[in-house]
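Report on one structure; see the data block that follows.
The values are calculated or read from the model by the stated rules, or taken from the named source; none is laboratory data. Keep in mind that this is a model prediction, so the values were computed, not measured. With ideal geometry, Cβ positions are generated from the backbone for all residues, glycine too; neighbour counts draw on all protein chains shown. Surface accessibility is based on the protein's heavy atoms, side chains included, excluding ligands, DNA and RNA. Shrake-Rupley method; radii C 1.70, N 1.55, O 1.52, S 1.80 Å.
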Amino acid sequence: MAELENPNMMPNLLTFLSSLLEEVAESNDVNSGFKAQKISVFHGLSRPTISIQSYLDRIHKYANCSPSCFVVAYVYLDRFAQRQPSLPITSFNVHRLLITSVMVAAKFMDDMYYNNAYYAKVGGISTTEMNFLEVDFLFGLGFNLNVTPNTFHTYYSYLQRKMMLQQPPPSIVAESSLSLGSLKVAHLCFNEDESSHQKQQLVV
């Protein structure tokens with residue numbers, strides 16, 4: 001979308017995405033005791049010292065991927081969370097999920113992109129680990145990488161509307177495990193076959 005080419009748009013988009021992911025990760029950290037979770041290759045032994053905002057800014061600075069990749073990465077994270085409910089986004093895995101989702105999005109969206117070794121350096125991990133993360137992420141997505149224009153518009157419009165309203169990011173986005181886990185909460189559901197959001201009440 002043309003709006004993404006606006007140099008003033010990307011900082012706002014990155015800030016909102018990082019705030020959203022930070023809130024989701026912190027919420028899932030708090031509520032992790034309510035729901036069984038499994039450890040994956042994305043899970044670090046400790047919380048990274050770099051903030052999500054700084055990490056996302058670093059990826060944007062050095063990856064040189066198209067702006068659309070960050071929206072597509074957001075779609076991928078949502079799909080991953082929906083398909084892997086036992087692997088909620090937490091402060092222990094959000095950084096690895098971010099670097100992997102952006103890399104996969106760049107490979108799918110862009111004609112030219114950096115290799116895994118470069119992304120590993122950007123993300124502060126080894127090339128071997130980056131390779132493992134990519135494979136696990138692809139299997140976690142069920143290799144569902146295609147993002148239709150309608151789906152892209154749905155996710156981007158949601159982000160754009162929230163940014164324009166300058167509202168704080170919601171605790172829960174989509175029908176994924178970008179959620180608070182075991183509580184009864186209102187989810188904003190993205191239906192990729194429709195152009196609008198639907199609200200529903202879910203009890204986990």
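Output the number of residues of segment 135-167 satisfying the condition of being at pLDDT below 90, hydrophobic (A, V, I, L, M, F, W, C) and open to solvent by less than 40 Å² (accessible area, probe 1.4 Å). Number satisfying all stated conditions: 2.
Residue 89 meets the stated requirement of being under 26 Å from residue 26 (Cα atoms), open to solvent by less than 40 Å² (accessible area, probe 1.4 Å) and in contact (Cβ under 8 Å) with a residue 60 or more places away in the chain. Residue 132 - would you say it is surrounded by fewer than 20 Cβ atoms within 10 Å (Cβ to Cβ) and in contact with a Leu (Cβ under 6 Å, 6 or more places away or on another chain)? Judged against the criteria, residue 132 is not a match. The single condition among (1) over 16 Å from the mean Cα position of the chain (by Cα); (2) basic (Lys, Arg); (3) open to solvent by less than 50 Å² (accessible area, probe 1.4 Å) that residue 61 does not satisfy is (3). Return the residue satisfying two criteria in turn: it lies in segment 109-121 and is at pLDDT 95 or above and closer than 29 Å to residue 85 by Cβ, and of such residues it is most open to solvent (accessible area, probe 1.4 Å). Top of the filtered list is 116. Screening segment 42-58 for residues that are assigned to a helix (DSSP H, G or I) and open to solvent by 30 Å² or more (accessible area, probe 1.4 Å) and picking the one that is farthest from residue 24 (Cα to Cα) gives 58. A single member of 77, 97, 87 is touching a His at 6+ places or on another chain (Cβ under 9 Å) and under 11 Å from residue 137 (Cβ atoms), and it is 87.
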